[in-house]
Structures are given as structure tokens and as C-alpha cells.
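Below: one structure, written as C-alpha cells.
Every read-out reported here was derived from the displayed coordinates using simple, explicitly stated rules and does not represent laboratory data. No experiment lies behind these values; they were computed from the predicted model shown. Here the Cβ is made from the backbone with ideal geometry for all residues, glycine too, and neighbour counts use every protein chain on show.
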Amino acid sequence: MSGQGDFWRLTCFDELPSTSDYCLNACRSGDPVAGLAVLARRQTKGRGSRGRTWLDGGQGLALSVVLDGTQAGPEALGGWPFVASLGFYDGLLRAQPAAQPHLMIKWPNDILLDGCKMGGILIEREGAYVLVGFGANLVSAPDPRALERTVACLAQCGPVPDGEVVARHVLDGLTFWSEQWRQKGFASIRAAWLERAHPVGTPLVVQGGTTYEKGLFAGLAPDGRLLLDTEGGMKTIATGDILLMEKGA
């Protein structure tokens, strides 16, 4: 990926049910699709992680891309959440630099603004391809009553460029961090991710199925798993929903 112009083929739609489903169908067509990027100005059936629905707050970012799943070696799927979240974070920041003191990555790949979710990533594998879907509230956020939680939008920090401009910034970020991963290995990605994430010592709760673990964020294991310092000792978390707690809670 020597540059966005050499790699990404961005197609824009006024409306799609799901940009990720569009990319999934393209992968199943049998044609070479690595480098496909699909942007929808409105998404009616967006998909989030863990089978959730991604609600469109209007004038948001709905962007999905197709990547060669073998380009980063056997660890590709495990590393993509971190590479994608770095590209997402940097792209959003380039779109609205005033957001810098407000943006943060929550393990492994949610984007928070002032502690409230503003963007999320869905990563799927289809054959030899990795599909990455980016969703972000840009100009407005969905009704919090429909989500049962408070959410944020990038416009809280000032005017936001057109969605296509934001998408190209995200693609630039994804290109950069993909190249860093390939050239320098996951350790460089891990270090950059930690600089943009919730600080070590942040109180967290991890929920997943019947799992409920409470402790302090203690960094990342070398493979990207979350380290949680609990009353019962250090725990290594591979998956789960993360809730950031107030200190002292």
C-alpha cells in the first residue's frame, strides 16, 4: 500500500442498507476486490459488532473496506482491530483537529469522545479477505433513548467536513498504519495504540456472556489482549465488552 491513490477504489452511494454487506457480496463475486472502499451517506441496516445494529444518526460516516487478509501474515485478523482503530482515530483527528483532547480509543477499537461512544469498527473475514467497517457519528448522534446510553458526535468539537473528505482521511490513516505494521511489526502498533487509548490505571469492567471482571487497565499483552489488574490478580482478556468506570467507583 504505497499510497491511497495507488490502492483504494472509493465508491460513494447516497444510500445503502449496509456498506459491509455490499463489500461482503463483492468478495463473494469471485472478482479481485482488495482495495475496494464503499461509503454510504445514509445506511439503513448498518451492522455493529456482536450482532448489534449500528444506528445512523444522520450525516454520519458509514465506510467499509476490503483488504488482503494475507498481507500482514498469520496474525492478520488479530492485529487488524488495532491497525484499524489507529487509522480511524487519526483520520477523524485530521478531519477535526480540535477533537484531539477529547478523542480516545477504547479497547480494542471503539472511538470515544469525552468518554462517550462516537465511532465503532466491525471486522470480518471472508475467504482470503478482511473486511473492515467504520461507523462514526459526524454531524449528529442517534437518539440516546434508542441506545440506552449517551453517545457523541464529532461536530461537538466544531464544523465537520463532508463525509467523503472524512472517509479519505480515514483511508489515509489505514494505509499508514498498515504499512507501519508490515514494516515494523505489531510492537509498533501496540505502542501507538497505547498512546491514544484509555490510560493505564483506568478502572474497567469487562462483560462477556457470564463473564464480569472488574479491575484496572494494565496495558496490552504482546499479542494485543487486554491486561486487567483485578483483586484476584492479573487477568488477560481476549474478548468482551468494556465499560470505563469513574475512578473510585
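Amide H neighbours of Cys153 under 5 Å, counting only residues 5+ apart in sequence or on other chains, H built in-plane at 1.01 Å?
So Cys153 has HN proximity to no qualifying residue.
Take peptides 107-119, 127-139, 177-189 and line them up by average Cβ neighbours within 10 Å, highest first, as a rough protection proxy.
With the highest mean Cβ count within 10 Å placed first, the list reads 127-139, 107-119, 177-189.
With the crude spin-label approximation of a point 7 Å out along Cα→Cβ, what separation in nm comes out for Asp229 versus Asn25?
5.0 nm
Per-residue counts of other Cβ atoms within 10 Å, averaged by peptide: what ranking do you get for 17-30, 85-98, highest first?
Top to bottom by mean Cβ count within 10 Å: 85-98, 17-30.
So what is the calculated 222 nm ellipticity per residue for the chain, using -39500 (n - 2.57) for each DSSP H run with n of 4 or more, over all residues, to the nearest 500 deg cm²/dmol?
Taken over the chain, the calculation gives -8500 deg cm²/dmol.
How long is the gain from Glu126 to Leu216 if the chain were fully straight, where each residue apart is worth 0.36 nm and the alpha carbon distance is subtracted?
Roughly 28.9 nm would be gained on extension.
Determine the sum of side-chain charges near Ala221: Lys and Arg each +1, Asp and Glu each -1, restricted to other residues whose C-beta is under 12 angstrom from that of Ala221.
With Lys, Arg at +1 and Asp, Glu at -1, the neighbours total +2.
Tell me which lysines have Cα within less than 17 Å of Lys117's Cα, excluding those fewer than 8 residues away on the same chain?
Qualifying lysines at Cα under 17 Å: Lys106.
If the convex hull of the alpha-carbon atoms of the chain is projected onto planes in all directions, what is the mean projected area in square nanometres?
For the Cα atoms of the chain, the hull's average projected area reads 13.2 nm².
Report, in cubic angstrom per residue, the convex hull volume of the C-alpha atoms of the range 140-249.
154 Å³
Mind ranking 233-242, 216-225 by how tightly packed they are, going by the mean number of other C-beta atoms within 10 angstrom, highest first?
So the peptides 233-242, 216-225, ranked by packing, come out 216-225, 233-242.
So how far apart, in nm, are the two label points at Asp162 and Asp14 if each is 7 Å from Cα heading toward Cβ?
1.5 nm
What residue among Val200, Cys153, Thr175 has its Cα farthest toward the positive end of the dipole of the range 149-202, where the charges are +1 on Lys, Arg and -1 on Asp, Glu, each on the Cβ?
Val200
Filter the GluC sites (Glu not before Pro) in the range 190-246 to those in DSSP coil with at most 15 other Cβ atoms within 10 Å of their Cβ, and list the result.
Glu231, Glu246
Can you work out the FRET efficiency for the pair Val139 and Arg196, with r the C-beta to C-beta distance and R0 = 22 Å, to the nearest 0.05?
0.40
Amide H neighbours of Ala197 under 5 Å, counting only residues 5+ apart in sequence or on other chains, H built in-plane at 1.01 Å?
Counting only residues 5 or more places away or on other chains, the set is Ile105.
Taking the Cα centre of the chain as origin, sum charge times position over the Cβ atoms of Lys and Arg (+1) and Asp and Glu (-1), and report the length of that vector in debye to the nearest 20.
240 debye
May I have the extent of the alpha carbons of the range 202-244 along their three principal axes, as whole Å values ordered from largest to smallest?
26, 19, 18
Could you tell me the center-to-center distance, by alpha carbons, between the range 180-244 and the range 93-147 in angstrom?
For the range 180-244 versus the range 93-147, the Cα centre distance is 18 Å.
Can you list the HN-Hα couplings for the range 150-162, worked out from phi with the Karplus curve (6.51, -1.76, 1.60; θ = phi - 60°), rounded to whole Hz and with x for Gly and Pro?
With coefficients 6.51, -1.76 and 1.60, one gets 7, 10, 10, 9, 5, 5, 5, 9, x, x, 10, x, 4 Hz.
Would you please calculate the Kirkwood hydrodynamic radius of the range 72-132 over all C-alpha pairs and express it in Å, rounded to one decimal?
Mean inverse Cα-Cα distance, inverted, gives 12.3 Å.
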